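A.B. asks: Below is one structure. I have some questions about it.
The values are calculated or read from the model by the stated rules, or taken from the named source; none is laboratory data. Quick caveat, the model's predicted, so the values are computed rather than measured. With ideal geometry, Cβ positions are generated from the backbone for all residues, glycine too; neighbour counts draw on all protein chains shown. Side chains included, ligands, DNA and RNA excluded: accessible areas come from the protein's heavy atoms. Shrake-Rupley method; radii C 1.70, N 1.55, O 1.52, S 1.80 Å.
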Amino acid sequence: MRVLRLAEVIEKTGLARSTIYKYTDLGRFPRPISLGGKSVGWIDSEIHEWLQEKQVERDMRHGPSKGWAFNYF
């Protein structure tokens with residue numbers, strides 16, 4: 001099991017710190033675990049699962065992504 005610190009969660013998700021904590025408070029994002037004192041971390045597999053759920057939600061709404069190909073003609 002790997003524990004991510006806030007900077008890694010921000011990098012991995014693209015979310016701002018305030019958004020992470022807001023989503024956590026709303027129950028829409030994995031809760032951090034206490035690492036002792038005031039330190040917290042997030043379980044990497046839970047963050048990965050959350051991202052996969054976002055991908056599934058997107059695909060259900062818009063269909064699977066076909067990449068970033070652009071049609072210029």
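A.B. asks: Find the residue count for region 1-28, including only residues that are out of contact with any strand residue (DSSP E or B) (no Cβ under 9 Å at 6 or more places or on another chain), of a type outside the set (Gly, Ala, Ser) and not in a helix (DSSP H, G or I).
C.D. replies: The qualifying residues number 3.
A.B. asks: Restricting to region 9-38, and then to whatever is of a type in the set (D, E, K, R) and over 19 Å from GLU53 (Cα atoms), can you tell me which residue is least open to solvent (accessible area, probe 1.4 Å)?
C.D. replies: ARG17
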